[in-house]
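These notes concern the structure reproduced below.
Read-outs throughout are calculated quantities, based only on the coordinates presented, and are distinct from any laboratory measurement. The structure displayed is predicted, hence computed values, not measured ones. Methodologically, a virtual Cβ is constructed for each residue, glycine included, from the backbone with ideal geometry; neighbour enumeration extends over all protein chains shown.
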Amino acid sequence: MKKTAKTGRAGMRKFWTTPAVLLVAGVLASCIAAIPLILTSTSHKKTQSQAEMPLPAEKVHTAAVDMAREKNLKISKEEENNYLEVTDGVQTVAYVTEPDGPEKCKLTVSAEISPAKDEKREQTTQREKDLTLQKIDDLCERLNVKPVSIKQ
């Protein structure tokens, strides 16, 4: 009877060891697989500012397109009256206008600037923040309106 008890315990130990090893291996593999996704999403993060505009989205989008053309900036992407991306080769600014009723919209301006030599990431981020706010101000001035609110 003692042999049966020992064999039973050893069998139970083998029974639980295999799933435990597989579980640990699966957890480790999923952590390793997630690392590139985390790095990719943080490395491509753009600095954004948002403003509620007291104008229709189409009017704000058209003004952004006109400003880009007047300054001879390259329009790298434009989609269906709500997304515009312009660049001068060093700075890239994207405008997204979302209707928020018939006479107002939400404007999101994001910026990406190539860092200057020896510039720290915090300095580049601050320049990007300043650029997004400047572009909102430029649009407001062109449209002769004041934004309802601005968020960074």
Problem set entry | Given K71/K117; K77/K106; K117/K151; K74/K106; K46/K135; K77/K104, the pairs whose alpha carbons are separated by over 21 Å | K71/K117; K117/K151; K74/K106; K77/K104
For this session: Would you tally the net charge around T87, using a Cβ to Cβ cut-off of less than 14 Å, leaving T87 out, and scoring K and R as +1, D and E as -1?
Result: +1
Problem set entry | Within the range 71-152: Cβ-based charge dipole about Cα centre, in debye rounded to nearest 20 (Lys, Arg +1; Asp, Glu -1) | 200 debye
Problem set entry | Eligible aspartates and glutamates near K59 by straight Cα distance, threshold 18 Å, same-chain separation 8 or greater | E70, E78, E79, E80, E85, E98, D100, E103, D137, D138, E141
Seminar exercise, completed: Given 136-142, 67-73, the highest-first ranking by average Cβ count within 10 Å works out to 136-142, 67-73
